[in-house]
Amino acid sequence: MGETAPSEDRENTMATPAPDTEPAAAREPEAPTPARGGAEAPRTGTGDSNIKDHERWQRFAGGEDPPETHRPGRWRALGRALRRAARSEWTLAGLCSVLLALAMTWPLARHLTERIPHDTGDPLLLTYILGWVGHVLRENPTGIWDTNSFWPLDDAYLFTDTLMGYAPAALLITSPTSALVVYNVLYIGTFALAFLGAYALLRQLGARVAGSAVAAAAFAYAPWKLGQAGHLQVLSSGGIVLALAMLARGHGYSLRGGFKPERQRPGWILAGWLTALWQFSIGAGLGIPFVYLLLGIGVVVGLHWLAKRPRLRWQTLAANGIGGSVFTLGVLWIADKHAVVARAYPEALRDVEYISWFSPTWQSFIIAPEESRVWGAAHEAARAELTWAPEQALLVGFTLFALAVAGLIWSCWTGWQRVWLALGAAVVFAVAMGPNFLDDGSWAWALLYEYAPGWDAIRTPGRLAIYLTLILAVLAAGTLTRIADEADYVAHRARIDKRLKVKAPKRVHALLFLPIGLVLWEGLTVAPYMEVPEAPVDMSELEGPVLFLPAGGGDTRVQYWSIDGFPEVANGVAAFTPDEQAGIRSMSMGFPSEDAVDALREAGIETVVVLPGSLPGSDWAGLDTEAEPFGVEVERTETALIYDLNAD
């Protein structure tokens, strides 16, 4: 079968498909059977009368009722509209995406108020960030940059990904428990949006339903994401594919249909730009590469326009001008804030050796993380050879890989499209390896690191696996779509009377959904859902600034607890350790000695809280919990020691 498909089955559209009972004549007036190679079969007769005869035959053969001669009442029309909406492809796709996300993350939905995915490290930090955003937007929006943690440092909100795009949800947070609920709902939602966004993009590009569903599942539940379950900002990739789908739809573009001027939709273009800005505002780690992707697409589209001069509506140009300007200004504003932090805290910059430690190796993309239920144990020996397995085990999925390789050879996409997709995958692979690629990445990642603004802020190049997964998903969807097209072609060719367009039986198309089972099987996790520790003290009653000991990696718990009242705390965990924070930790090493108490007082610390249960194995393991320093009031509870350094 050729590269081109029957016009209805292979036409690229994100519109709601008509029900199967809708007669073909209502959608496609011309004869539907394509010749092998993609050319349409010749029409029977010429002129309007012959077309009308053909339509009558399609209507008669399809069993269509004659059109109503009177206009239905308002309530009847509303009822019909609601029924159509309930049966629409996009309602069903949205519902399936949510149900699938709930199932793949179960039983988290049963424990929204008490557990958190993966671990109590970064997830608690991100929960705290959400809590801070909600609190400060209600109380003092201009003070968002200076958090209560990392006292007394400025711009601490920018020390890690900001999750600013989740501000509407963050406004619902009023306590640590509500923050946990919001985080968990967003966590589940990231998978749902990734599936729905990828499905929308693939449908817009021209893939059939089964191919789009399987590929979307492969994108949303790729095995490498299991190792990133503690990083909400990495899982939040749905905005990327959704923005691309909106922009493609707004411009009337698909891989199978090319550019269709009559399908330009300025509203979708504007929505695409705003969605792209929302995606960037969640975090710069995924946002920076996304900006460069959009820039690259813009250059290609611009060159194509100069060469071909396709007809563009003024509304399309206006939507791009307005949306692109808002996107650019928003990105520059956020980037400028991060640049201020980079200048103020030189220790935040990552050198090549540091990045190399976290970068993938040649084998990384076929090694599963330990959280993988299917492949985790089998790949344990391979992970042992990695320097930092949580960021280097990047298996995209063997099912996806097999379908994508098949799609390079046999697909609904054209030969040149497959070549460009293969080149794109190769480029992403090279850049994602960072300094571990050929010649230390000197002609791939290193070029971006040296010359592309913002690229030096990316600590883990391997997270670009998201784009490799997306490209492979497009290739995989092409494979399954080609099979569906062939099945319909065979079914139609087998008919004696070919005037009525037919498809392969539904049970045949249902078989094309079978790979989704393998995809989801590879996406199963063994990672636990951890119980969140309760605060050992009443945080809202503490007189700040407060220092919790031991300090370090466990500070994420302190930040989470501080949602209760947001007292100033010197503790904090981020992508780097500020020198001033390291200095305060150093002062506290001898606590509660007189010298340590005096140094902390001079630094401005009012209260020190010691957690005896966390001291073993820490740098403060030898801390004397029985000592009563002179001039310090000590309150002892079952879980904490509270030192008031300025009691007198």
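What follows is calculated from the coordinates using simple rules that are stated; it is not laboratory data. Fair warning: this is a prediction, and the values are worked out from it, not measured in the lab. Every residue, glycine as well, gets a Cβ built from its backbone with ideal geometry; the counts of neighbours run over all protein chains shown.
What the table below lists for this structure:
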read-out	value
Nitroxide proxy distance, nm - points 7 Å out along Cα→Cβ at residue 594 and residue 110	5.9
Gyration tensor (Cα) of the stretch 222-304, equivalent ellipsoid semi-axes in angstrom	27, 13, 12
Debye log10 I(q)/I(0) at q = 0.12, 0.14, 0.24 Å⁻¹ for the stretch 173-257, Cα point scatterers	-0.42, -0.54, -1.08
For peptides 165-172, 429-436, sequence by mean Cβ density within 10 Å, most packed first	429-436, 165-172
Viscosity 1.306 mPa s, temperature 10 °C, Stokes-Einstein D of the stretch 312-437 from Kirkwood C-alpha radius, µm²/s	86
Percentage relative contact order, the stretch 539-644, counting C-alpha pairs under 8 Å, at least six apart	30
Highest average packing first - 137-150, 264-277, 101-114, Cβ atoms within 10 Å	264-277, 137-150, 101-114
Centroid-to-centroid separation of the stretch 610-648 and the stretch 461-479 [C-alpha atoms, Å]	52
Residue-count net charge about residue 252 - beta-carbon cut-off 10 Å; Lys, Arg +1, Asp, Glu -1	+4
Pairwise FRET efficiency - residue 502 versus residue 373, Cβ, R0 = 60 Å, nearest 0.05	0.90
DSSP beta bridges in the stretch 539-644 [antiparallel fraction, %, rounded to 5]	60
Summed side-chain charge close to residue 561 - residues other than residue 561 whose Cβ falls under 13 Å, Lys, Arg +1, Asp, Glu -1	-4
Global geometry of the stretch 492-599, whether rounded, prolate or oblate, following the gyration tensor of its Cα atoms and the 1.5 cut on a/c	prolate
Three-way shape label, the stretch 539-644, alpha-carbon gyration tensor, a/c 1.5	rounded
For the chain, Kirkwood radius (reciprocal of mean inverse C-alpha pair distance, Å)	27.5
Furthest towards positive pole of dipole, 142, 301, 342, structure part the stretch 95-522, Cβ charges	301
Sequence-separation-based contact order of the stretch 240-387, relative, with Cα cut under 8 Å and 6+ spacing, percent	19
Between helix 209-220 and the chain: long-axis angle, C-alpha atoms, 0 to 90°, nearest 10	10
Environment charge at residue 457 (Cβ cut-off 11 Å; Lys +1, Arg +1, Asp -1, Glu -1)	0
Dipole magnitude (debye, nearest 20) for the chain, charges at Cβ of Lys, Arg, Asp, Glu	6120
Principal-axis tilt of helix 398-409 within the chain, Cα atoms, nearest 10 degrees	40
Within the stretch 588-605: backbone nitrogen closer than 19 Å to the residue 626 label point (7 Å, Cα to C-beta)	591-594
In degrees, nearest ten, helix 266-282 long axis to first principal axis of the chain (Cα)	20
Shape category assigned to the stretch 559-611 from the gyration tensor of Cα positions, a/c cut at 1.5	oblate
Relative contact order of the chain, pairs being alpha-carbon contacts under 8 Å that are 6 or more residues apart, as %	17
Förster-model FRET efficiency, 22 Å R0, residue 305 and residue 409, C-beta, rounded to 0.05	0.10
Cα-Cα P(r), the stretch 256-373, percent of pairs per 10 Å interval	10, 28, 27, 21, 13, 1
